[in-house]
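The values are calculated or read from the model by the stated rules, or taken from the named source; none is laboratory data. From a predicted model like this one, the values you see are computed outputs, not experimental measurements. We place every Cβ from the backbone using ideal geometry, glycine too, and count neighbours over all the protein chains shown.
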Amino acid sequence: MIPNDTGPGSAEWKIVKTPTFDYISTQLELCRTGSLSGMFCDLPNIGKTVAARHHAATRRNVVYVDCSQVKTRQRLFRFIARGFGLDATGRYADVYDGLVALLRTLERPQIILDEAGDLAYEAFLEIKAAWNATEGCCSWYLMGADGFRAKLERGVEFKTVGFAEIRSRCGDRYSSITPPEGEERRKFLLGQALMIARANAPARSDYRQIARRSDGSLRRVHTLITKGA
């Protein structure tokens, strides 16, 4: 367990090393140290964001981005520039060039793009351009749910400029951890919910019941515990 002083809604909330947390943390670290790029696509509410945020908060030169908040090209890259300590208020071309130049000099920089499926098309093209400009010296890691995979695959199918290139640069592979539909998936999700509930439920409360009521959604586990639902 990892204390999380900036956890959602509670200073006492503990981050737990669930299978999802360990898998994403390992993937991110391998990509960071090798200046490689990758993609993770899986179900929502399994702990992807918590793992990525924790990774970014505990390593130098790593910026986490919630793409649902910065969907356009300019908002995305100005946000990334600020994350690396740059002034992002000038001309966009200058901000972009300054960011690329900095990424080429930093030690093992990494950019984690969560909710990547929310990005506008122009933002994907700029990611491709920035990847080309920082190849071999910066890790790019794209994360999302099944909608992100569907969006990227539609772009590849219809030969939309940029999508095949982005998929290729991330190894043409979507990483995931959740088992296929069925009893195996149900047990996996319930197991993670049990781990979170056991670590964070108040004393004398029935953490097993909380996990069962969550249907495996870790966000629901948090709500049930913090709101007393």
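Values for this structure:
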item	result
Sole exception among (1) in contact with a Leu (Cβ under 7 Å, 6 or more places away or on another chain); (2) crowded, with 17+ Cβ neighbours inside 10 Å for residue 48, by number	(1)
Residues satisfying the stated conditions in the stretch 57-69, i.e. crowded, with 21+ Cβ neighbours inside 10 Å and either modelled with pLDDT under 95 or out of contact with any Asp or Glu (no Cβ under 7 Å at 6 or more places or on another chain) (or both)	62
Any hit, the stretch 161-169, residues being crowded, with 17+ Cβ neighbours inside 10 Å and in contact (Cβ under 8 Å) with a residue 60 or more places away in the chain	yes
Residue list for the stretch 1-35, restricted to those being in a loop (DSSP other than H, G, I, E, B) and at pLDDT below 95	1, 4, 5, 6, 7, 8, 9, 10, 11, 12, 13
Any hit, the stretch 192-214, residues being in a helix (DSSP H, G or I), in contact (Cβ under 8 Å) with a residue 24 or more places away in the chain and in contact with a Pro (Cβ under 7 Å, 6 or more places away or on another chain)	yes
Residues (at pLDDT below 95 and either hydroxyl-bearing (Ser, Thr, Tyr) or in the same structural domain as residue 41 (by TED's automatic domain parsing) (or both)) located in the stretch 184-210	205
Selection from the stretch 40-71 of residues that are assigned to a strand (DSSP E or B) and in contact with a Lys or Arg (Cβ under 7 Å, 6 or more places away or on another chain)	40, 41, 62, 64
In the stretch 166-185, the residues that are in a helix (DSSP H, G or I) and more than 20 Å from the chain's Cα centre (by Cα)	183, 184, 185
Tally, over the stretch 145-158, of residues that are in contact (Cβ under 8 Å) with a residue 60 or more places away in the chain and either small (Gly, Ala, Ser) or not in a helix (DSSP H, G or I) (or both)	1
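Residues checked against (1) in contact (Cβ under 8 Å) with a residue 24 or more places away in the chain; (2) assigned by TED's automatic domain parsing to the domain that holds residue 65; (3) buried (at least 22 other Cβ atoms within 10 Å of the Cβ); (4) closer than 17 Å to residue 93 by Cα:
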residue: 111; (1), (2), (3), (4): yes, yes, yes, no
residue: 115; (1), (2), (3), (4): yes, yes, yes, no
residue: 118; (1), (2), (3), (4): yes, yes, no, no
residue: 130; (1), (2), (3), (4): yes, yes, no, yes
residue: 137; (1), (2), (3), (4): yes, yes, no, no
residue: 143; (1), (2), (3), (4): yes, yes, yes, no
